[in-house]
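A quick write-up on the structure given underneath.
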Amino acid sequence: MKKLQSTSLNFSVLSFRSGVCVFVICVCECVAAISGNLRITTVKNSSIRFIIKGRGMPGRGGMGRPPFNRPRVLMLRPPFDLILAEPAFPRCKPAPDDTALTQALLKRHAELCPTPAEQAAVLSLVTKLQTVLDNLVVAPGDFAACQLEEVRQVGSYKKGTMMACKNVADIVVIMKTLPTKEAVEGLSNKVNEELNKLMRAEGLGNVSSACHERGFTVTAASSAVRVLVTTLHHNLRKLEPEVHLDYKVISSHLAAIRHSRWFEENAHHSSIKVLIRLLRDMCARHSGLEPLTPWMIDLLAHHCIMNNPARQVLPINVAFRRALSLLAGGLFLPGCAGLPDPCEAAHARAHTALDLPAQDHAAATAQTLLRVVARGGHRYVLGLQAFEGGKDISTEITVWDGVVVSPLAPAYNETPEPMDTDEKEDEGPDGVAA
């Protein structure tokens, strides 16, 4: 039997004497019936020639080789969502009356909304600061510390989700030049000088400016504006850590512009803003949910309100329960599909900014709060009624109508497990190493 080297198509030529010709033909017909890759070409001079074409056995690497090099695919699975699965699980009885939760949600939201006086104070300061910065973009004059490209409003003030007693707005300044620390300080001094001129002309009090790692903050009597400094995209690769602002900080300011633009186009419904305020307040009061960023909360609120089979706005009580259920079901846990980030590259997930302990703690806290809400303790979860001694209800053992709700223990352990080794030390009769 003679075997030739195969080409990229893996051709092999085999020759046999007439004594085994009939046997070989039978075997070849069986292989051809199974794989479909065998073709008999000639039968001549008491010999048979046939060709095996294709890759042979399934798998990479040729005939008979198992697929060792095949890449492993990571399958991300979404948590169970009763709203999306409702067509497959129709109700057997009418939905329970949820009027108490709805009224509590609306009452708490009214407390979280800023007063007209707070909104007017922030609006006045933002308008004056925007005017000063726009003048520096159009006609900088003798100002040479830096060159400004654009000024954008971002954050909760721009989105319409500002909270009561938090009269702080955000403005992103895009520089044409590199954002050095000296340039930020020079811009802060110039803005402070021009803004105080406008304030004195209107008979108002002076403002102050203080620099920090993200830019600088302009503070008035009853409001403040954070000026976040960034630069153009093509300048990012030129940044030096010792001279310029931090790369991650500057990139986050560019992302804030994308977030505000997306929110303005897709999440302008009032129910989404109501749910955002409620979730932010709940995250601020419960330690396990504190690591959730405002952008994660925005995406979660939009998903819970708008993402349903009917593509209709869900009631606020249904959306609130859905948000807690998704968090408790592992929406922000490793291996879960989570929420795609519409402002980043494909397959980016918003919850990947959290470390593993924070993801575990958020899911455990949401499970505890969901059980409390299910037993009628929504007033404590929403903050309408303080728990005993002002404690965090998600960290205490509570009893609701005879049902004990206890916080869950962490499932993630940062300490690596000891590895088993074959080498063991000799131990004495009392179990002590010799």
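The values are calculated or read from the model by the stated rules, or taken from the named source; none is laboratory data. Because the structure is predicted, anything quoted here is derived from the model rather than measured. Methodologically, a virtual Cβ is constructed for each residue, glycine included, from the backbone with ideal geometry; neighbour enumeration extends over all protein chains shown. These accessible areas exclude ligands, DNA and RNA; they are computed on the full protein's heavy atoms, side chains included. Shrake-Rupley method; radii C 1.70, N 1.55, O 1.52, S 1.80 Å.
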For residue 200 and residue 93, extending 7 Å from Cα along the Cα-Cβ vector and measuring point to point gives, in nm, a value of 7.4
Hey, what's region 108-220 come to in accessible area per residue, 1.4 Å probe, Å²? 48
So, for region 227-274, what is the accessible surface per residue at a probe of 1.4 Å, expressed in square angstrom? 53
Show 246, 81 ordered by accessible area, largest first, where the area counts protein heavy atoms only and the probe is 1.4 Å. 246, 81
Hey, can you grab everything whose amide H is under 5 Å from the amide H of residue 400? Only 5+ residues off in sequence or another chain; H modelled, so Pro and N-termini drop out. 405
FRET efficiency for residue 82 and residue 337, using Cβ-Cβ distance with R0 set to 22 Å, rounded to 0.05: 0.85
Measure off 7 Å from each Cα along the Cα-to-Cβ vector at residue 404 and residue 375, then give the distance between these two points in nanometres to one decimal. 1.0
Greater than 23 Å separation of Cα atoms is the criterion. Which listed pairs, 176/197; 128/190; 107/273, meet it? 176/197
FRET efficiency, residue 234 to residue 270 (Cβ-Cβ, R0 45 Å, nearest 0.05): 0.70
Cα centroid separation - region 78-137 against region 221-290, whole Å: 17
Can you pull the percent of region 92-239's accessible area that's carbon plus sulfur, 1.4 Å probe, other chains left in place? 54
Positive-end residue of 175, 156, 196, charge dipole of region 153-202 with Cβ unit charges: 156
So the FRET efficiency between residue 285 and residue 138, C-beta based with R0 = 41 Å and rounded to 0.05, is 0.40
Which percent of the accessible heavy-atom area of region 284-407 goes to carbon and sulfur, probe 1.4 angstrom? 55
